[in-house]
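Take a look at the structure below.
Throughout, read-outs are computed from the coordinates displayed, never taken from laboratory work. Note that the structure is predicted; figures quoted are calculated from it, not measured. Note that each Cβ is placed from the backbone with ideal geometry, even for glycine, and that neighbours are counted across all protein chains shown.
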Amino acid sequence: MSSSGSNGPHLARLSTAEVKPLLGPEPFFSQSQQEGELAKSDEKVLQAARLHGPPVVFLGLHEHEDASGSSRALPSSDFSAKKDAAEIVSNIHGTPYFSLDVTEIQETKVNDVLGGSQQGRDGVKFEFIDGRAAMGNLSQFDSGVFSEARSLVDWSARNKYCAGCGSPVYTLWAGWKHACSSLLPWADSAGKKPCPTDKALNNYLHPRTDPVVIILTVNTTNDKILLGRNRNWPKNFYSALAGFVEPGESLEDTVEREMWEEAGIKIQGVKYHSTQPWPFPANIMAGFYAVADSSAPVRTDLDNELEDARWYTREEVLSVLAQSEGTKSEKQAPKWDSSSEEKVESSPEDHPKDEAPFKAPPRNAMAGVLISDWAHGKVNINETT
C-alpha cells in the first residue's frame with residue numbers, strides 16, 4: 001500500500017493503534033484455542049503463535065543509534081525468560097515493523113481505518129498499487145521493508161496446509177514459521193497416524209527464497225553485450241538472460257547451464273556483481289557477468305520463451321540509457337535474421353535519429369543495474385573466474 005504526498009507515492013505506515021480495529025481481539029500473539037485467550041505458560045509451542053485474526057508478521061526492529069553512532073543492540077541474555085517482559089521492552093530502542101494481510105477483511109472496514117488515521121485526516125491519499133511499479137519510487141530502506149513484507153504475506157497465503165498430512169497450519173514465531181494444527185495440545189488425534197512433521201527439525205515450515213541468476217554476457221573485447229527478448233515481454237524490450245537455480249546446482253553452474261540452454265552460448269568466465277531481493281513472489285536475484293565469443297552463433301530455437309537475442313555495442317546501450325524515453329516508448333529494434341543466425345546491421349531507418357534502438361530494464365531491477373554499470377565502465381570483466 002502506498003500513500004501520495006508532495007514527493008510522490010511512498011510506502012504507507014500506520015501505527016498499531018490505527019490498525020487495531022482490523023487485528024481482532026487481544027492477545028495478538030501467543031494465542032490459545034479460544035479467541036481472546038492467552039496461551040498457557042507451559043505451552044511453549046504457542047509462544048508468539050497466531051491462530052485467530054488476519055495474518056500478522058513481525059518484520060523486525062529498526063534499531064536506533066545513540067549519539068555516538070553506535071547501535072543499542074541487546075545481548076540475548078537480556079531476553080531471558082526469568083526477566084520481566086515490561087523491563088525487557090523498556091530496554092529496546094527502535095521502531096518495530098509488522099505486516100498485516102488485509103485480503104480477507106471487508107474493503108469498507110479497511111477504508112474506514114485508512115481514512116481515520118492521522119495521515120488520512122491530513123488529506124493523504126492511500127491506494128493499493130502494483131508492487132513492481134512501486135519499487136521504482138521507494139527508498140532503499142522502504143524497498144527492504146516492502147520486500148520482506150511482500151514475501152512473507154505471499155508465503156503464508158500460498159501455504160495454508162501441512163505438506164505431511166494435509167491439516168491446516170498456523171503461524172508461530174510471530175509469523176516466521178508454520179506448524180501443523182494436528183499437533184496442537186487440544187487437537188483430536190485419537191486413532192490417527194501422527195503427522196510426519198512431529199519429528200526432529202521437520203516440524204516447522206520456514207519461509208523459502210528461490211534463487212535466480214541474472215546474466216549479462218559480455219564479449220571478449222568488452223565492447224558488446226548480449227541481450228535477449230522473451231516473447232511475452234512488451235514490444236522492443238530487451239534484457240539480460242536469467243534462470244532459476246536447480247537443486248544441487250551452484251550459482252556459477254546455473255549461469256553456464258542457462259546460457260547454453262537458452263542461447264547456445266558457451267561462456268569463458270563468470271564474474272559476480274551483487275544480489276537483490278525480488279518479492280514476486282519470493283526470489284533473490286544474483287547478478288553475474290559472463291564472458292563469451294560474440295562471433296559464435298546465437299541460438300533462439302532452444303528455448304520456447306526466447307524470441308530474439310542479439311549483441312549490442314556500448315554506444316547503442318549508452319544511447320538507450322541516455323534517453324529518458326528509452327525504457328518507456330516503443331522504438332524500432334535492429335533487424336535480425338534468426339534463420340541464418342547472423343546479425344543484419346541496423347540502418348538509420350531501423351531506429352530513426354534521437355530514438356533508442358531498444359527498451360532496457362529500469363535501474364531498480366538487477367538487470368538494469370548490470371547493464372548500466374557495464375555501459376559506464378564500472379566493472380572489469382577481465383577479473384572473471
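Quote the relative contact order of the chain in percent (integer), defining contacts as alpha-carbon pairs under 8 Å separated by 6+ residues.
13
Multiplying the sequence separation of Gln140 and Glu104 by 0.36 nm and subtracting their Cα-Cα distance, what value in nm do you get?
10.0 nm
By the gyration tensor of its Cα atoms, with a ≥ b ≥ c the square roots of the eigenvalues, what is the shape of the stretch 234-283: rounded for a/c under 1.5, prolate for a/b over b/c, or oblate?
Taking the square roots of the gyration eigenvalues as a ≥ b ≥ c, the stretch 234-283 is oblate.
Determine, for Cys162, Cys180, the number of other Cβ atoms within 10 Å of each Cβ, and report the residues in order from fewest to most.
By the 10 Å Cβ count, ascending, the order reads Cys162, Cys180.
Taking only the alpha carbons of the stretch 2-203, what extent do you get along each of the three principal axes, in Å, biggest first?
The Cα atoms of the stretch 2-203 stretch 63, 43, 29 Å along the principal axes, largest first.
Measure nothing fancy, just the Cα-based angle from helix 251-263's long axis to the longest principal axis of the chain, in degrees from 0 to 90, nearest 10.
Around 50 degrees separate the two axes.
Among rounded, prolate and oblate, which fits the stretch 87-162 when a ≥ b ≥ c are the square roots of the eigenvalues of its C-alpha gyration tensor, a/c under 1.5 means rounded, and a/b larger than b/c means prolate?
Rounded is the answer for the stretch 87-162, as its axis ratio a/c remains below 1.5.
For the chain, just say rounded, prolate or oblate: build the C-alpha gyration tensor, square-root its eigenvalues into a ≥ b ≥ c, call rounded for a/c under 1.5, and beyond that prolate if a/b exceeds b/c, oblate if not. List each step's numbers first, then the result.
Values: a/c = 2.30, a/b = 1.80, b/c = 1.28.
Here the chain falls in the prolate category.
Using 0.36 nm per residue, how much length does the chain from Tyr97 to Arg121 gain when fully extended, once their Cα-Cα distance is taken away?
Length difference between fully extended and current span is 6.4 nm.
With +1 on the Cβ of every Lys and Arg and -1 on the Cβ of every Asp and Glu, and nothing else charged, how large is the dipole of the stretch 2-203 about its Cα centre, in debye rounded to the nearest 20?
Computed about the Cα centre, the dipole is about 580 debye.
Calculate, for His10 and Ser274, the FRET efficiency according to 1/(1 + (r/R0)^6) with r their C-beta to C-beta distance and R0 30 Å; round to the nearest 0.05. Display every interim value, and only then the final one.
Numbers: r = 24 Å, r/R0 = 0.81.
So, using R0 = 30 Å, E works out to roughly 0.80.
Hey, fewest Cβ within 10 Å first, where do Met259, Met366 land in order?
Result, fewest neighbours first: Met259, Met366.
State the Kirkwood hydrodynamic radius of the stretch 183-321 in Å, one decimal place, computed from all pairs of distinct Cα atoms. Don't skip to the end; give the middle numbers.
Working: mean 1/r = 0.0568 Å⁻¹.
For the stretch 183-321, the Kirkwood estimate is 17.6 Å.
Given a cut-off of 29 Å, name the pairs among Lys20/Lys199; Lys125/Lys160; Lys177/Lys378; Lys271/Lys359; Lys109/Lys192 whose C-alpha atoms lie farther apart than that in the structure shown.
Lys20/Lys199; Lys125/Lys160; Lys177/Lys378; Lys109/Lys192
Scan the stretch 111-204 for trypsin sites (Lys or Arg not before Pro) in coil per DSSP, keeping those whose Cβ has at most 12 other Cβ atoms within 10 Å, and list them by number.
Passing sites in the stretch 111-204 are Lys160, Lys192, Lys199.
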